[in-house]
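Okay, so here's the structure we're looking at.
The values are calculated or read from the model by the stated rules, or taken from the named source; none is laboratory data. As the structure is a computational prediction, the values presented were derived from the model and not from experiment. All Cβ positions, glycine included, derive from the backbone under ideal geometry; neighbour counts span all protein chains shown.
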């Protein structure tokens, strides 16, 4: 592994585990068994490291969205795949990571906001339009409002203080929020399809 790649991987692991603010360049150097001078050959400051990490990680997420769009059987399957990806990611991240990014690292946070608007939101918008065309989502939906609502739900999970995830885990909360959203926009056909994916037998 190249030194620059090793620095990025180690820093990301520490930031995800403890949050960004509490990790110093000294901590990263110590974890790597490397001098700070070596790190500064690649990253002029911590902000630079955080910004590059954000860009790399979000480009990877964009590729994941594209892959799931191509592999999904239908819009409901796609939204479930995305939710599962998000749940897997969030289980390994201290919520302080996102709060620190929002409060202390404006360039990295702006890149995150750009990703949400230009990738995640547009993906949800396209998903809902396609679902309406296929008859699995309600034809009377305000597509833009429904898409914004889904993005607000994700923001609530990442940045809100509504849940401590002590009584109900993040995984369970994510599942409940997805269920409420999908059942709310589904037709009966979509409802049955969603239940089929979830392996739920429900009497009409």
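Assorted remarks:
- For region 123-141, filtered to residues that are over 24 Å from the mean Cα position of the chain (by Cα) and outside any helix (DSSP H, G or I), the residue that is farthest from residue 78 (Cα to Cα) is 140.
- Within region 187-204, the set of residues being in contact with a strand residue (DSSP E or B) (Cβ under 8 Å, 6 or more places away or on another chain) and either under 19 Å from residue 152 (Cβ atoms) or in a loop (DSSP other than H, G, I, E, B) (or both) comprises 187 only.
- Boolean, residue 53 is more than 30 Å from residue 136 (Cα to Cα), touching a helix residue (DSSP H, G or I) at 6+ places or on another chain (Cβ under 7 Å) and without any contact (Cβ under 8 Å) to a residue 60 or more places away in the chain: yes
- Residue in region 96-104 that is free of Cβ contacts under 8 Å to residues at least 60 places away in the same chain and more than 30 Å from residue 22 (Cβ to Cβ) present: no
- Checking every residue in region 71-85 against the condition of being buried (at least 16 other Cβ atoms within 10 Å of the Cβ), touching a strand residue (DSSP E or B) at 6+ places or on another chain (Cβ under 9 Å) and in a helix (DSSP H, G or I) gives at least one match.
- Taken across region 145-153, residues that are in contact with a strand residue (DSSP E or B) (Cβ under 9 Å, 6 or more places away or on another chain), farther than 19 Å from residue 61 by Cα and modelled with pLDDT of 95 or more do occur, with at least one present.
- Matching residues, region 17-31, being part of a helix (DSSP H, G or I) and surrounded by fewer than 18 Cβ atoms within 10 Å (Cβ to Cβ): 17, 18, 25, 26, 27, 30, 31
Let's see how each residue does on (1) crowded, with 16+ Cβ neighbours inside 10 Å; (2) free of Cβ contacts under 8 Å to residues at least 60 places away in the same chain; (3) part of a helix (DSSP H, G or I); (4) within 18 Å of the chain's Cα centre (by Cα):
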| residue | (1), (2), (3), (4) |
| --- | --- |
| 44 | no, yes, no, no |
| 59 | no, yes, yes, yes |
| 68 | yes, yes, yes, yes |
| 92 | no, no, no, yes |
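- Some residue of region 143-151 being surrounded by fewer than 13 Cβ atoms within 10 Å (Cβ to Cβ) and more than 15 Å from the chain's Cα centre (by Cα): yes
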